[in-house]
Amino acid sequence: MNELFAQDEASKHYAFVGSYTGFKLGELGWVGSKQPGEGILTFAFDSSDGSLVPTGKVTKQDSPTWLEIHPNRRFLVATHELSHHTGVHASVGFVTSYKIQPDGGLGKVCTQSTGGRGNTCATFDRTGRFLFVTRYWEGGISVLPFDPDTGMIGEVTARPDYTGSGPVPLRQTQSHPHGIHGDPRTNLVYAMDLGSDKVHQYVLDIKTGTLAPQGDVKLAPGSGPRGINFHPLLKVAYVNCELDGTAIVCAVDDEKGLMPVQTVFCYPEGFEARGNPENLGKADFWGAEGCLSADGSHYYYICRVHQSIAVFTVGLDDGKLTFSSRCVLAANSNARNLTLDPSGKYLLVASQDADRVECFRIDSCTGALELAYSQYAPCAADIAVI
């Protein structure tokens with residue numbers, strides 16, 4: 001009985017779901033949901049069956065659209081993706097740190113200025129002592145110290161700004177960093193600039209929190225790089241591009257950074273996204289985030305407008321991608337983010353415009369996805385599970 005009880009307890013987790021808040025219908029051009037969120041919702045998540053049950057806990061916060069759990073699993077950081085509808089001025093933006101409570105509640109530690117609006121992404125460096133944040137609307141990134149013992153966020157230590165543009169009207173009139181991630185093996189840092197089709201590379205000084213430029217990687221015009229995922233075993237990374245619907249496989253050099261070796265198209269051949277009323281991204285395609293399975297054997301890419309997830313098999317030796325299958329998302333999903341649960345058996349998807357979290361069971365052999373559970377969550381923008 002004790003062993004069974006332990007197994008039952010091991011399957012119990014909490015899922016935190018962030019959202020866009022405080023908008024009126026049509027006020028945010030890229031959000032089709034008719035129901036604004038309230039902040040961060042907490043759900044009980046069971047990895048034995050993929051179910052999500054509301055706990056009733058709501059953490060009020062302005063537009064926490066990216067949630068990041070610290071490597072020590074004690075703290076959660078949420079961005080405030082502020083834009084024109086909030087009335088804030090340029091160079092005003094924030095991130096908030098929370099202590100994760102045993103009952104799934106979030107206790108606020110602090111809110112710190114990022115120096116800019118549109119904080120679409122916040123991630124930790126490999127030491128867990130620095131926080132990287134994008135400033136989408138101003139065209140820059142920020143680095144902030146993070147105390148892993150207390151959860152306190154310090155003042156900005158580095159704040160590079162960019163100039164540049166791309167060929168896609170409306171989306172690429174200026175630089176727009178959308179994602180920023182540190183290399184899990186080195187002090188290299190990568191900022192994906194959707195507006196100029198570049199990945200800006202840096203070396204982080206882990207004593208001072210400053211950044212030394214390490215050169216830019218220029219990608220295909222109009223690709224719109226958005227985020228990046230690192231293979232758990234190979235020195236390979238995957239850049240998900242929003243505007244042309246592709247994923248770019250890159251070899252990773254510990255000193256030189258990314259070297260593109262393959263580009264795969266993630267939408268079905270012949271599918272036309274431009275002109276579709278659900279295409280709020282205003283480009284030929286509107287891809288969102290990508291994700292690797294826990295063992296790195298499969299890669300997943302959200303195809304907004306088509307409302308599906310493309311599943312790719314990952315090459316054992318070179319990490320290259322081969323299309324494997326496709327999974328249908330909820331109608332009008334326009335899913336923004338996705339994440340694995342701690343067991344690695346489930347993929348949870350924030351189907352923003354369908355106002356729900358969709359939980360898919362992963363076939364351990366083929367990587368194929370099967371819907372296990374669907375839970376209402378207004379304007380769900382991101383998910384973090386612990």
### Message
If I compute solvent accessible area with a 1.4 Å probe over the protein chains, what percent of it on the chain is carbon and sulfur?
### Response
53 percent
### Loop-located chymotrypsin sites (Phe, Trp or Tyr not before Pro) in region 295-386 whose Cβ has at most 13 other Cβ within 10 Å (DSSP)
none
### Task
Determine how many Å³ per residue the convex hull of the Cα atoms of region 37-113 encloses.
108 Å³
### Summary
With the charge dipole of the chain built from beta-carbon charges (+1 for Lys and Arg, -1 for Asp and Glu) about the Cα centre, the Cα from G37, P184, G215 projecting farthest to the positive end belongs to G37
### Query
Per the Kirkwood treatment, what hydrodynamic radius in Å, one decimal, follows for region 115-155 from the mean inverse distance over all distinct Cα pairs?
10.5 Å
### Query
What share of Cα pairs, in percent, lie more than 17 angstrom apart in region 315-380?
45 percent
### Message
I need the GluC sites (Glu not before Pro) found in region 241-348, filtered to DSSP loop residues with at most 14 other beta carbons within 10 Å of theirs.
### Response
E255, E269, E272
### Query
Heavy-atom accessible area per residue, the chain, 1.4 Å probe: how many Å²?
38 Å²
### Task
Could you tell me which trypsin sites (Lys or Arg not before Pro) in region 57-127 are loop residues by DSSP with no more than 10 other beta carbons within 10 angstrom of their beta carbon?
R73
### Task
Report the net charge of residues surrounding K256, where surrounding means a beta-carbon distance below 13 angstrom and charges are Lys +1, Arg +1, Asp -1, Glu -1.
-4
### Message
Could you compute the net charge surrounding L369? Neighbours are other residues with a C-beta less than 12 Å from the C-beta of L369; K and R count +1, D and E count -1.
### Response
0
### I206-K320 pseudo-label distance in nm [points 7 Å out on the Cα-to-Cβ vector]
3.4 nm
### Task
Give me the Debye-computed log₁₀ of I(q)/I(0) at q = 0.07, 0.11, 0.13 Å⁻¹ for the chain, equal point scatterers on Cα only, no solvent, two decimals.
-0.27, -0.71, -1.05
### Query
Once a ≥ b ≥ c are taken as the square roots of the eigenvalues of the Cα gyration tensor of region 1-159, is the result rounded (a/c under 1.5), prolate (a/b larger than b/c) or oblate (a/b not larger than b/c)?
oblate
### Using θ = phi - 60° and Karplus 6.51 cos²θ - 1.76 cosθ + 1.60, couplings along region 381-386 (whole Hz; Gly, Pro as x)
10, 7, 9, 9, 10, 9
### Query
If you look at just the Cα atoms of region 242-386, how large are its Rg and its Dmax in Å?
15.0, 45
### Task
Give a residue-ordered list of calculated ³J(HN,Hα) values for region 121-134 (Karplus: 6.51 cos²θ - 1.76 cosθ + 1.60, θ = phi - 60°; whole Hz; x for Gly, Pro).
7, 9, 9, 9, 6, 5, 8, x, 9, 9, 10, 9, 9, 8
### Query
222 nm [θ] for the chain, helices only, -39500 (n - 2.57) per DSSP H run of 4+, per residue, to 500?
-500 deg cm²/dmol
### Task
Could you run the Debye sum over the Cα atoms of region 59-153, one equal point scatterer each and no solvent, and tell me log10 of I(q)/I(0) at q = 0.10, 0.12, 0.15, 0.24 Å⁻¹, two decimals?
-0.23, -0.33, -0.52, -1.21
## Note on the structure
Here region 238-255 yields Karplus 3J(HN,Hα) values (6.51, -1.76, 1.60; θ = phi - 60°; whole Hz; Gly and Pro given as x) of 10, 9, 8, 9, 7, 7, 10, x, 10, 10, 10, 8, 10, 6, 10, 9, 4, 10
## Note on the structure
Quick calc, K99 & T127: beta-carbon distance into FRET formula, R0 22 Å, rounding 0.05, result 0.65
### Task
Could you list the square roots of 5 times each eigenvalue of the Cα gyration tensor of region 135-216, that is, the equivalent ellipsoid semi-axes, sorted largest first and rounded to whole Å?
25, 14, 10
### Query
Roughly speaking, what % of Cα-Cα pairs in region 186-283 are separated by over 16 Å, rounded to a whole number?
59 percent
### Query
Using the C-alpha atoms of region 292-339, what convex hull volume per residue, in cubic angstrom, is computed?
69 Å³
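The values are calculated or read from the model by the stated rules, or taken from the named source; none is laboratory data. Quantities reported herein were computed from a predicted structural model and do not represent experimental measurements. Methodologically, a virtual Cβ is constructed for each residue, glycine included, from the backbone with ideal geometry; neighbour enumeration extends over all protein chains shown. For accessibility, only protein heavy atoms count, side chains too; no ligands or nucleic acids. Shrake-Rupley method; radii C 1.70, N 1.55, O 1.52, S 1.80 Å.
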